[in-house]
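What follows draws every value from the coordinates through simple rules; no lab data is involved. Only a predicted model underlies this, so the values are computations on that prediction, with no experimental measurement involved. In this analysis, Cβ positions are derived from the backbone assuming ideal geometry, glycine residues included, and neighbour counts consider all displayed protein chains.
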């Protein structure tokens, strides 16, 4: 379960940094909804990342990305922040 906690915390912090606390809280609910849809809980950090990817897709829809370019920028930024967090690097402001 530590991998799940770390993945959710990283996702929450990344969304909070990009979009604010309200969007982060809604995205955390989406993340938990995705977990509830799984029959067998993931066994690796990589598998937990798939939950984050699905929740990220819901986030992209919610923030109404206006173009493929904007969606790519959101995904790239989110991915970068998640990777930094997973590596234990401090968040850049």
Its Cα gyration tensor gives the range 2-86 an equivalent ellipsoid whose semi-axes in whole Å, largest first, are 20, 14, 12
Order by neighbour count: 10, 50, fewest other Cβ atoms within 10 Å first, most last. 50, 10
